Amino acid sequence: MSASAPLPEPGAPPVRVAHVGLVILALAVGGFAIGTTEFASMSMLPLFAQGLGIDAPTAGHAISAYALGVVVGAPVMTVLGARVPRRRLLLILMAMFTVFNGLTGLSPGYHWMLVFRFLAGLPHGAYFGVAALVASSLVPANRRTRAVGQMFLGLTCATIVGVPMASWLGQAVGWRWAFALVAVLGLLTMIAVAIFAPNTPADANASPLRELSALKRPQVWYTLAIGAIGFGGMFAVYTYLADILINVTHMPLSSVPWVMAVFGIGMTIGNMVVPVFADRALMRTAGVLLLWSLVILAIFPFTAGNVWLLSLDVFFIGIGGALGTVLQTRLMDVAGDAQGLAASLNHSAFNTANALGPYLGGLAIAAGYGWTSPGWVGSLLALAGIGVWAASVTAEKRAAKGGATPAW
């Protein structure tokens, strides 16, 4: 079974393994490594800016280089790996991730760091896409979203444990060692996947052209647009949260990581609870999450003056992050037999949101609307996401009249 092999039909038996939990844990360790390098890089910007002798805005290009690698790598790596068995593909992707994160820590200068961050981002989306397919293939059809959500707990836990750990290591002994830590986590993932992931054969009918056929499906594009736009609000606030805490809430810098961890706790709980509802009504759950984000982000500016109210709101914003898990399953539903590419493109959309939200939030701040204005920007992005969601549901209902079965 390859990265592009179709998911079992409802009622079909799942792939048999000795310990489903250990397989998902192995996949989650990879998510933990990826989440650590992605989010910790933001917190260590001042450290490698100083170490490489560049200013903070220039150092920020390393974040953009990684995000660009994710956007480019998700479709390219998945299409190239269409005929590779899933376990082998996971090992190849994590080997790339491990090597290029290790080389990031050895970067002799700024331009080499940009190159290595771009290359480290290439396997990110494809890994999550393939891992989601593996996790969902291990359980009955009515528990797929929960399995994917459990795999994503590695990513969400990284915002609670991995990021503070890497940041502490970077401050204590140097930023290069933080990337060495990520490389070690990548190596541990490879060992765990090699031991526990099922060794199923490649799909004989898999091909790059079949993967690309996903791009012909309107519902794939609708789902990607929901993620790229509706998810942007969360990033609009998260990116500027530290500045808001210091300049508006008047918290000391040393206390900022605690509020960041509250966000991660919200994401973790969201990925544990929300998939239970998504397995019953996938698209309805996505719509509710977008509405949830619209309201919570709109409230954010009014909570910024009080650390307890702000922390509670940040926790609720984190819960809305479960939208990524819901959309991951949705893409697998609407992609037909080209699920590998569709599943990995979820992370291209995710990183598009990671660029769009902070950019628009920054414009609002620069225009003089204040540090809390990203909350309003995020709320508007969630509203736009609801518009795309409504268009998707409407289009699917029209298709259902022609004999198709809506997946919501």
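The values are calculated or read from the model by the stated rules, or taken from the named source; none is laboratory data. Note that the structure is predicted; figures quoted are calculated from it, not measured. Neighbour counts are summed over all protein chains in view; Cβ atoms, including those assigned to glycine, are modelled from backbone coordinates with ideal geometry. Remember, those area values only see protein heavy atoms, side chains included, never the ligands or the DNA or RNA. Shrake-Rupley method; radii C 1.70, N 1.55, O 1.52, S 1.80 Å.
Here is a list: 286, 304. Which entry is touching a Leu at 6+ places or on another chain (Cβ under 9 Å), of a type in the set (Gly, Ala, Ser), closer than 30 Å to residue 395 by Cα and open to solvent by less than 10 Å² (accessible area, probe 1.4 Å)? Explain how you work it out, then say what you get.
Numbers: 304 fails: closer than 30 Å to residue 395 by Cα.
After ruling out the rest, the residue left standing is 286.
In the set 269, 229, 265, which member is more than 23 Å from residue 165 (Cα to Cα), modelled with pLDDT of 90 or more and open to solvent by 20 Å² or more (accessible area, probe 1.4 Å)?
Numbers: 269 fails: more than 23 Å from residue 165 (Cα to Cα); 265 fails: more than 23 Å from residue 165 (Cα to Cα).
After applying the criteria, what remains is 229.
Return the residues of segment 182-200 that are open to solvent by 40 Å² or more (accessible area, probe 1.4 Å) and assigned to a helix (DSSP H, G or I); say none if nothing qualifies. Steps first, please.
Taking segment 182-200 first, the residues open to solvent by 40 Å² or more (accessible area, probe 1.4 Å) are 184, 187-188, 190-191, 194-196, 199.
184, 187, 188, 190, 191, 194, 195, 196 - these are the residues of segment 182-200 that are open to solvent by 40 Å² or more (accessible area, probe 1.4 Å) and assigned to a helix (DSSP H, G or I).
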Here is a check on your reading of the model: is residue 365 under 22 Å from residue 228 (Cβ atoms), over 22 Å from the mean Cα position of the chain (by Cα) and not in a loop (DSSP other than H, G, I, E, B)? yes
Which condition number in (1) within 20 Å of the chain's Cα centre (by Cα); (2) open to solvent by 60 Å² or more (accessible area, probe 1.4 Å); (3) under 24 Å from residue 198 (Cα atoms) is the one that residue 77 fails? (2)
Note on segment 137-150: residues part of a helix (DSSP H, G or I) and farther than 23 Å from residue 269 by Cβ are 137, 141
Which of the residues spanning segment 165-174 are open to solvent by 20 Å² or more (accessible area, probe 1.4 Å) and either in contact with a Phe, Trp or Tyr (Cβ under 9 Å, 6 or more places away or on another chain) or within 18 Å of residue 88 (Cβ to Cβ) (or both)? 169
Restricting attention to helices (runs of 4 or more DSSP H) lying wholly within segment 34-97, give those where 3 or more residues are touching a Leu at 6+ places or on another chain (Cβ under 7 Å). 61-80
So, in segment 277-296, how many residues would count as being within 21 Å of residue 160 (Cβ to Cβ) and touching a residue at least 60 places away in the same chain (Cβ under 8 Å)? 1
Looking at segment 85-115 only, could you name the residues that are among the β-branched types (Val, Ile, Thr) and crowded, with 20+ Cβ neighbours inside 10 Å? 98, 104
Filter segment 141-151 down to the residues that are under 20 Å from residue 334 (Cβ atoms) and open to solvent by 10 Å² or more (accessible area, probe 1.4 Å), then identify the one that is modelled with the highest pLDDT. 146
Determine whether segment 251-263 contains at least one residue that is touching a Gly at 6+ places or on another chain (Cβ under 6 Å) and part of a helix (DSSP H, G or I). yes
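Quick one: in segment 369-402, which of the residues that are open to solvent by 60 Å² or more (accessible area, probe 1.4 Å) and under 24 Å from the mean Cα position of the chain (by Cα) is nearest to residue 240 (Cα to Cα)?
Narrowing segment 369-402 to residues open to solvent by 60 Å² or more (accessible area, probe 1.4 Å): 369, 371, 376, 380, 383, 394, 397-398, 401-402.
Those still in the list that are under 24 Å from the mean Cα position of the chain (by Cα) too: 376, 380, 383.
Working: 376: 13, 380: 17, 383: 20 Å.
So, considering only residues that are open to solvent by 60 Å² or more (accessible area, probe 1.4 Å) and under 24 Å from the mean Cα position of the chain (by Cα), the one nearest to residue 240 (Cα to Cα) is 376.
If I filter segment 116-136 for residues that are closer than 30 Å to residue 50 by Cβ, touching a residue at least 40 places away in the same chain (Cβ under 8 Å), part of a helix (DSSP H, G or I) and open to solvent by 40 Å² or more (accessible area, probe 1.4 Å), do I get at least one hit? Spell out how you get there, then give the answer.
Within segment 116-136, the subset closer than 30 Å to residue 50 by Cβ is 116-124.
Next, only the ones that are touching a residue at least 40 places away in the same chain (Cβ under 8 Å) stay: 117-124.
Checking the rest, the ones that are also part of a helix (DSSP H, G or I) come to 117-124.
After this cut, where a residue has to be open to solvent by 40 Å² or more (accessible area, probe 1.4 Å) as well, the list is 118-119.
Within segment 116-136, one or more residues are closer than 30 Å to residue 50 by Cβ, touching a residue at least 40 places away in the same chain (Cβ under 8 Å), part of a helix (DSSP H, G or I) and open to solvent by 40 Å² or more (accessible area, probe 1.4 Å).
For segment 310-365, which positions are acidic (Asp, Glu) and under 25 Å from residue 215 (Cβ atoms)? Outline the logic, then answer.
Of all residues in segment 310-365, those acidic (Asp, Glu) come to 313, 333, 337.
Result: 333, 337.
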Would you check which residues across segment 324-369 are of a type outside the set (A, V, I, L, M) and free of Cβ contacts under 8 Å to residues at least 40 places away in the same chain and list them? 359, 368, 369
